[in-house]
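The values are calculated or read from the model by the stated rules, or taken from the named source; none is laboratory data. On a predicted model such as this, the values are computed, not experimentally measured, just so you know. Cβ: placed from backbone, ideal geometry, glycine included. Neighbour counts: every protein chain shown.
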Amino acid sequence: MKDIKVLAIESSCDETAASVVLNGREVLSNIVNTQMELHKKFGGVVPEVASRLHMETINLVVKEALEKSNSSFDDIDAIAVTYGPGLVGALLVGLSTAKALAFALNKPLVGVNHIEGHICANYISNKELKPPFICLVVSGGHTHLVEVKDYNKYDILGRTRDDASGEAFDKIARALGLGYPGGPLIDKMAKLGDENKIDFPKALIDDDSYDFSFSGLKSAVLNYLNAKKMKKEEIVVEDVCASFQKAVVDVLSQKAIKACKDKNYDTLVLAGGVAANSKLRNQLLNISKKNNIKLSYPNINLCTDNAAMIGSCGYYNFINNKISDQGLNAVPNLKIGQE
């Protein structure tokens, strides 16, 4: 089979990224221009600012991705781009760029679902990984348990009914005055705290469904902090972080392992920004071993938003003839498996 080089573009939130990926698994370049420092002062991503910054940097990032991979536009077989979910203004910058390139170069345009891209990041980090498997997708905007039946076939087993796990991390970090983004900061502080000090609720842990809920836990932590402040009692931030993180990770771990056992899968895969969380990785490693389940997760730099994962997903879309036309539009609330 002929080698296939995909130029991929990702701009769904606050990272402007471009990558050249060979045959869906080999990353020839992966350029990520993050806006994180700029958004920190606002305590979160400001959509209008993100869109403007994407416009300023997208062409430079694409150029650098080609240069780093020693490729020219002539070497590219297809152009993959995230078209959802994400911030509509941010998505449109990457999408417009990809559509313009595809039109001018007469190359196939391949639309990619951002969440499916996160799942495909595992194909880059683990060259032996093949579907089917169960995937736990955990990020700032999504918490899903997905049955990956094939490279393009996904069944959602469960999802969050309210806040995503990463969103909960960000909100609690903000309440504790730690800053943004919350996930890495809470992970770091939790290592210094006692995770059994505060008994926060673990929502839906005994529920028979695979769904998640984190709004009750978030409220419980905020109520705890407010009660402490009203009584003028000391708040041990490290203990709050550790106890909160344990409540989140316990639920994620138990639901994921339950899905593997119920569906008779021996492979569990992690995806998304929260997949970088050290406690989640370690806890799932230990539980997976006890249950004879193989655990796979991406390298840290592929957990957060990047274009290499879009290139991998784009490759599998391309070889399965899932090609888009110039009418492709941004879909901010795109679901997994949705065309």
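Which of the residues spanning region 126-149 are in contact with a helix residue (DSSP H, G or I) (Cβ under 9 Å, 6 or more places away or on another chain) and part of a strand (DSSP E or B)? Scanning region 126-149 gives Phe133, Ile134, Cys135, Leu136, Val137, Val138, Thr143, His144, Leu145, Val146, Glu147, Val148. When you look at Cys241, is it at pLDDT 95 or above, surrounded by 20 or more Cβ atoms within 10 Å (Cβ to Cβ) and farther than 20 Å from Ala164 by Cα, yes or no? So Cys241 does not fit the description; no.
When you go through Asn286, Asn321 one by one, which is the residue that is at positive phi, of a type outside the set (Phe, Trp, Tyr) and without any contact (Cβ under 8 Å) to a residue 40 or more places away in the chain?
Numbers: Asn286 fails: at positive phi.
None of the other options fit; the residue is Asn321.
Just to verify a result, which residue in region 115-173, among those that are in contact with a Ser or Thr (Cβ under 8 Å, 6 or more places away or on another chain) and of a type in the set (Phe, Trp, Tyr), is surrounded by the fewest Cβ atoms within 10 Å (Cβ to Cβ)? Restricting to residues being in contact with a Ser or Thr (Cβ under 8 Å, 6 or more places away or on another chain) and of a type in the set (Phe, Trp, Tyr), the top hit is Phe133.
Applying a threshold of 9 Å to beta carbon distances and a minimum spacing of six or more residues, or different chains, the list of pairs starting in region 202-227 at a residue that is outside the structural domain of Leu136 (by TED's automatic domain parsing) and ending at one that is surrounded by 14 or more Cβ atoms within 10 Å (Cβ to Cβ) and modelled with pLDDT under 95 is empty. Ile293 meets all of the listed conditions (1) in contact (Cβ under 8 Å) with a residue 40 or more places away in the chain; (2) touching a Cys at 6+ places or on another chain (Cβ under 7 Å); (3) among the hydrophobic types (A, V, I, L, M, F, W, C) but one, namely (1). Screening the candidates Leu185, Leu157, Leu217, Leu225 for the property of being out of contact with any Lys or Arg (no Cβ under 7 Å at 6 or more places or on another chain), farther than 18 Å from Asn277 by Cβ, assigned to a helix (DSSP H, G or I) and of a type in the set (A, V, I, L, M) yields one hit, Leu225.
Can you report the number of residues in region 286-305 which are farther than 13 Å from Asp266 by Cα and part of a helix (DSSP H, G or I)?
Of the residues in region 286-305, the ones farther than 13 Å from Asp266 by Cα are 286, 297-305.
Filter once more, so that each one left must be part of a helix (DSSP H, G or I): 286, 300-303.
The number of residues fulfilling the criteria is 5.
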